[in-house]
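The values are calculated or read from the model by the stated rules, or taken from the named source; none is laboratory data. Source: prediction; values computed, not measured. Neighbour counts run over all protein chains shown; Cβ positions are idealised from the backbone, glycine included. Quick note on the areas: whole protein, heavy atoms, side chains included, nothing else; ligands and nucleic acids left out. Shrake-Rupley method; radii C 1.70, N 1.55, O 1.52, S 1.80 Å.
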Amino acid sequence: MSLSGSASGTKVGGWQITMKWSATQNVANNTSTITATAYLVSAATWNINAANKSGYITIDGQKGTFSHNPTTGGGNTQTLGTVTKTVSHAANGTKSLTIGFSYSLNITSGSYGYLGAFSGSSKITLNTIPRASTFITDKSTYEMDSNVTMKITAAAAGFSHKVWINYGSKRIQVLNNPATGVNVNFTPKLSDFAGQIASATSGYGSFELETYSGSTKIGSYKQTRYLTIPTSVIPTTSAVSIAEGNTKVGAVLGDGVNFAQDMSVLNISISAAGVLDSWITASETVIGSTAYPSTTNNGRSVTIDLKGQPIAPAQYTIKVRTKDSRGRWSAYITKSITILPYANPQIVLSGERINAEGKADDDGTIVKLIVKGSVSNLANKNAHDIMLQYKTIDGTEWMSITHGITAYAIDNVVNVNNISVDQAYQFQITVTDSFSAATFMLSVPTVYTTVDYRAGGKGIAFGQVSTQDGFVVGSKMPFYIMQNTVDGNLVNFIDADYGSLGGISPTLIARLNSVGQLLWSGAVYMNATQTITPSIPMVNCLSGWELVWSQFNTSTGEGSNSQYVYFRVPKSHATDHGGAGVNCTWNSDTKQPIFKYVYISNETIKGYVTNDTAPNNGYVLREVRAY
């Protein structure tokens, strides 16, 4: 590389063409100006005197012409012509080119004959013009708002510089005319660049060094660098509110703090915001040890139906947090709620005739009713009512009984006076709370009499007063049906409970009378927390229990009078497999298989955890009857 040089061209005899060149450079413009001069050199005794001749010089393809009258004595050098041209260097400051030169002598020599053009060329490489300066940094990845250390190596003395950060659509100048050859510092600001990666925690851009000569930009030098968002940059969860999604429960509680086990629907609304252009995408609500993801509203809403959830009645500090578009979670915020225990109303009624002294007496005109049951109080907000009624066995009009029962835990005795000894009665109690009801019925027979004829002559009764047409045997009347066989022995056609004589015992009569009797009613899924107690143990029924299921109306929270399904469980289950599970399986009206699973013992029916999950939660247990 150089800024000057020479070249020799054609030589014939004592004549030869040569060329000399020199260059000056403009750093700011990245150019060189080249001046080239062609010469005719004559050896001693080689004289020439000719007419005006033309020639040219080309510099990097740029042609310049000249003309000259060659007149010189031997041993001299005369200038033929000079051409000056400016050439541009490459972006990196380098430049190589060719200089060509030619002169048309066009004379005839006695020794060499006709002499035409003398020419020559030279390939040259110019000095590199200093361009953009360079830099190094201490790292390739930086956390935003942290320090960057850079060392700039200037391409030439007198250059000035600017340092920029290019990141996404942002271009920010961070240094102006920094020192070179030493460490300098700057900081990529979180506020400037975090918004460029709203859905990520890191991204790449470039550090750029611009080089200037005076006010003229010489060039730039870039290197890729990664910027990350500090882990402290997280979304904010500021508030949480909870509304009751079950309108029936909301009418009873609805304070956003107290909720009902297995009944409430928690509609959780979350106030949250992203940070530095991120946005909220999801949330998480933790109750106990169970985490519930967001369901709607870009992560700001969560709906939790407590039916079948593993959330026992207790006071809970729920935790809520949100996630933003960068995948980062906010800190938890908390809210206290109370899940109040709730079960469908339970009621059992038993009774007997007593005398005025309060002693059991089949001829008594007072019926002593023992009422046991329970209603979930829901913080004493669950309105409830107990209706106690009675009628004669063949009557159609129910009469109310004043009882004074108001407590949620029911354990009362009610005496009903003026109960005719000549009539059998049915007593019915119904307990109703804000959501459902349960009914229990009890039959009380007439006074005991061996035989009684009904007025009109169309009825006869044994063991009780005849209260209806036809043949009736009271529950306390031993009754035998006998027939002489071929060998003369007595044969019991029905039962042998009463002893070796054979016959229909009072126990069997009671069982016969219980067939079809309603032992329990309500509308429950029979989930894992639900247990019911029919009024007559299974072994005291004639054959067993009949379970009656129907569809459930989710909008009203009540059983529907449609799609009834009946399952009979024999009492041998209680004696041989007491407490074991029983499958009740059928197809819904949409042909979906329904699986209800219950544990049945002699006295209780207990539910199972999947009975209130879809599609099984489309049906509820409505009744238990004796069969």
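Could you say which residue among Thr58, Thr33, Thr10 is more than 30 Å from Gly219 (Cβ to Cβ) and among the β-branched types (Val, Ile, Thr)? Don't jump to the end; show me each part of the working.
Details: Thr58 fails: more than 30 Å from Gly219 (Cβ to Cβ); Thr33 fails: more than 30 Å from Gly219 (Cβ to Cβ).
So the residue among Thr58, Thr33, Thr10 that is more than 30 Å from Gly219 (Cβ to Cβ) and among the β-branched types (Val, Ile, Thr) is Thr10.
So which residues in segment 425-445 are more than 60 Å from the chain's Cα centre (by Cα) and open to solvent by less than 10 Å² (accessible area, probe 1.4 Å), if there are any at all? Steps first, answer last, please.
First pass over segment 425-445, keeping only residues more than 60 Å from the chain's Cα centre (by Cα): 445.
Those that are more than 60 Å from the chain's Cα centre (by Cα) and open to solvent by less than 10 Å² (accessible area, probe 1.4 Å): none in segment 425-445.
Return the total of residues in segment 363-383 being open to solvent by 40 Å² or more (accessible area, probe 1.4 Å) and not basic (Lys, Arg). Outline the logic, then answer.
As a first pass, look at segment 363-383 and keep what is open to solvent by 40 Å² or more (accessible area, probe 1.4 Å): 363, 365, 368, 370, 372, 374, 377, 379-381, 383.
Of the ones still in play, those that are also not basic (Lys, Arg) are 363, 365, 370, 374, 377, 379-380, 383.
Selection size over segment 363-383: 8.
Which residue is modelled with the highest pLDDT, if the candidates are limited to segment 561-595 and must be in contact with a Gly (Cβ under 9 Å, 6 or more places away or on another chain) and of a type in the set (A, V, I, L, M, F, W, C)?
Val569
What number of residues in segment 434-458 are assigned to a loop (DSSP other than H, G, I, E, B), of a type outside the set (S, T, N, Q) and in contact with a Gly (Cβ under 9 Å, 6 or more places away or on another chain)? Explain how you work it out, then say what you get.
If we filter segment 434-458 for residues that are assigned to a loop (DSSP other than H, G, I, E, B), which is where we start, we get 434-436, 445-450, 454-458.
With the extra rule that they be of a type outside the set (S, T, N, Q), the set shrinks to 435, 445, 447-448, 454-458.
Narrowing the set further to residues that are in contact with a Gly (Cβ under 9 Å, 6 or more places away or on another chain) leaves 435, 445, 447-448, 454, 458.
The number of residues fulfilling the criteria is 6.
Please work out if Val431 is in a strand (DSSP E or B), touching a residue at least 40 places away in the same chain (Cβ under 8 Å) and of a type in the set (A, V, I, L, M).
Numbers: in a strand (DSSP E or B): yes; touching a residue at least 40 places away in the same chain (Cβ under 8 Å): yes; of a type in the set (A, V, I, L, M): yes.
Against the criterion (in a strand (DSSP E or B), touching a residue at least 40 places away in the same chain (Cβ under 8 Å) and of a type in the set (A, V, I, L, M)), Val431 qualifies.
Could you tell me whether any residue of segment 268-284 is of a type outside the set (Ser, Thr, Tyr), touching a strand residue (DSSP E or B) at 6+ places or on another chain (Cβ under 7 Å), in contact (Cβ under 8 Å) with a residue 40 or more places away in the chain and within 25 Å of Asn611 (Cβ to Cβ)?
Looking for residues that are of a type outside the set (Ser, Thr, Tyr), touching a strand residue (DSSP E or B) at 6+ places or on another chain (Cβ under 7 Å), in contact (Cβ under 8 Å) with a residue 40 or more places away in the chain and within 25 Å of Asn611 (Cβ to Cβ), one finds none in segment 268-284, hence no.
Tell me, which residue of segment 98-116 that is of a type in the set (A, V, I, L, M, F, W, C) and modelled with pLDDT of 95 or more is nearest to Gln62 (Cα to Cα)? Walk me through it before giving the result.
So the first thing to find is which residues in segment 98-116 are of a type in the set (A, V, I, L, M, F, W, C), and the list is 99, 101, 105, 107, 115.
Still in the list and also modelled with pLDDT of 95 or more: 99, 101.
On the way: Ile99: 9, Phe101: 11 Å.
The residue in question is Ile99.
Here are some conditions: (1) at pLDDT below 95; (2) loosely packed, with under 15 Cβ neighbours inside 10 Å. Lys189 meets all but one. Which one does it not meet?
(1)
Just to be sure, is Ala179 out of contact with any Asp or Glu (no Cβ under 6 Å at 6 or more places or on another chain), in a loop (DSSP other than H, G, I, E, B), under 15 Å from Ile218 (Cα atoms) and open to solvent by 30 Å² or more (accessible area, probe 1.4 Å)?
Working: out of contact with any Asp or Glu (no Cβ under 6 Å at 6 or more places or on another chain): yes; in a loop (DSSP other than H, G, I, E, B): yes; under 15 Å from Ile218 (Cα atoms): no; open to solvent by 30 Å² or more (accessible area, probe 1.4 Å): yes.
Here the answer is no, as Ala179 does not meet what is asked.
What is the residue count in segment 219-258 for residues that are in contact with a strand residue (DSSP E or B) (Cβ under 8 Å, 6 or more places away or on another chain), open to solvent by 20 Å² or more (accessible area, probe 1.4 Å), closer than 25 Å to Asn297 by Cβ and among the polar types (S, T, N, Q)?
Summing the residues that are in contact with a strand residue (DSSP E or B) (Cβ under 8 Å, 6 or more places away or on another chain), open to solvent by 20 Å² or more (accessible area, probe 1.4 Å), closer than 25 Å to Asn297 by Cβ and among the polar types (S, T, N, Q) in segment 219-258 gives 5.
Taking the residues in segment 325-362 that are of a type in the set (Phe, Trp, Tyr) and open to solvent by 30 Å² or more (accessible area, probe 1.4 Å) as candidates, determine which candidate is farthest from Ala424 (Cα to Cα). Please lay out each step first, then the result.
Quick first cut of segment 325-362, residues of a type in the set (Phe, Trp, Tyr) only: 329, 332, 342.
Pick out the ones that are also open to solvent by 30 Å² or more (accessible area, probe 1.4 Å) and you get 329, 332.
Values: Trp329: 71, Tyr332: 66 Å.
Going through the qualifying residues, I end up with Trp329.
Read through the list (1) acidic (Asp, Glu); (2) surrounded by fewer than 18 Cβ atoms within 10 Å (Cβ to Cβ); (3) not in a loop (DSSP other than H, G, I, E, B), then give the number of the only condition that Glu623 fails.
That leaves (2) as the condition not met.
Keeping to segment 300-349, report how many residues are over 25 Å from the mean Cα position of the chain (by Cα) and not small (Gly, Ala, Ser).
Total satisfying the criteria: 11.
Name the residue, out of Ile172, Ile197, that is over 30 Å from Asn127 (Cβ atoms), buried (at least 20 other Cβ atoms within 10 Å of the Cβ) and among the β-branched types (Val, Ile, Thr). Write out each step before concluding.
Values: Ile172 fails: buried (at least 20 other Cβ atoms within 10 Å of the Cβ).
When all the criteria are applied, what remains is Ile197.
Out of all the residues in segment 446-475, which are crowded, with 18+ Cβ neighbours inside 10 Å and either among the acidic types (Asp, Glu) or modelled with pLDDT of 90 or more (or both)?
Across segment 446-475, the qualifying residue is only Asp452.
Would you mind listing the strands (runs of 3 or more DSSP E) fully within segment 524-618 where at least 2 residues are among the aliphatic types (A, V, I, L, M) and either in contact (Cβ under 8 Å) with a residue 60 or more places away in the chain or surrounded by fewer than 16 Cβ atoms within 10 Å (Cβ to Cβ) (or both)?
Details: elements: 544-553, 565-570, 581-587, 593-600.
Ranges flagged: 544-553, 593-600.
State whether one or more residues within segment 332-341 are among the basic types (Lys, Arg) and in a strand (DSSP E or B). If you could, list the steps in order and put the result at the bottom.
First pass over segment 332-341, keeping only residues among the basic types (Lys, Arg): 335.
Those left that are additionally in a strand (DSSP E or B): 335.
Yes, there is a match, as at least one residue in segment 332-341 is among the basic types (Lys, Arg) and in a strand (DSSP E or B).
With the checklist (1) open to solvent by 40 Å² or more (accessible area, probe 1.4 Å); (2) over 60 Å from the mean Cα position of the chain (by Cα) in hand, flag the one item Val83 doesn't pass.
So Val83 meets the others, but not (1).
Which of the residues spanning segment 116-140 are in a strand (DSSP E or B), open to solvent by less than 60 Å² (accessible area, probe 1.4 Å) and under 17 Å from Gln223 (Cα atoms)?
Answer for segment 116-140, where residues must be in a strand (DSSP E or B), open to solvent by less than 60 Å² (accessible area, probe 1.4 Å) and under 17 Å from Gln223 (Cα atoms): Thr134, Phe135, Thr137.
Out of segment 114-155, which residues are over 24 Å from Lys95 (Cα atoms) and of a type in the set (Ser, Thr, Tyr)?
Tyr114, Thr137, Ser140, Thr141, Tyr142, Ser146, Thr149, listed by residue number.
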